[in-house]
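In what follows, a single structure is set out as structure tokens and then discussed.
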């Protein structure tokens, strides 16, 4: 059984273009707080082994704070921006190994959680800034995952 942590980036400042928006000081504190919590919960082989982030600045900033706390480098993945397809991510995910932390955006993170747990993108839950859903599954396909926990700053 493998694990997936789905995280929304910390609070971001308004701005344009959307891809360049940065974390606010509050967003940095949110991400740092969640990074500490996740680092304390890590349990050997059941812990995060890879971090992938959206190429958008606020997601990369959040992922960098998570990576620092976990001692893991961050990979950027182009197909996980706000309006990308949750199904396309699942198609990518099925060929990956290890326990991943993915840092992305609403509405993608909510729809992805809904697809993996309930089998439907429209059954996703809202994610507050820096919220994290922890899922586990034998296979990463629609309706095949179990929600282990959900936490927010």
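The values are calculated or read from the model by the stated rules, or taken from the named source; none is laboratory data. Bear in mind that the values here come from a model prediction, so they are computed numbers and not experimental data. Ideal geometry is used to build each Cβ from the backbone, glycine not excepted, and the neighbour counts take in all protein chains shown.
Identify the residue in the range 1-29 that is farther than 27 Å from residue 92 by Cβ and in contact with a strand residue (DSSP E or B) (Cβ under 8 Å, 6 or more places away or on another chain) and, among all such residues, is surrounded by the fewest Cβ atoms within 10 Å (Cβ to Cβ).
As a first pass, look at the range 1-29 and keep what is farther than 27 Å from residue 92 by Cβ: 11, 13-16, 24-26, 28-29.
After this cut, where a residue has to be in contact with a strand residue (DSSP E or B) (Cβ under 8 Å, 6 or more places away or on another chain) as well, the list is 11, 13, 24.
Details: 11: 20, 13: 12, 24: 16.
Per the criteria, the residue is 13.
Having 3 or more residues that are in contact (Cβ under 8 Å) with a residue 40 or more places away in the chain and surrounded by 20 or more Cβ atoms within 10 Å (Cβ to Cβ) is the bar; report the strands (runs of 3 or more DSSP E) wholly within the range 63-153 that clear it.
Details: elements: 74-76, 100-104, 132-137, 146-151.
Those strands (runs of 3 or more DSSP E) span 100-104, 132-137.
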- With the condition kept exactly as written, say whether any residue in the range 127-148 is at pLDDT below 95 and closer than 26 Å to residue 17 by Cβ. no
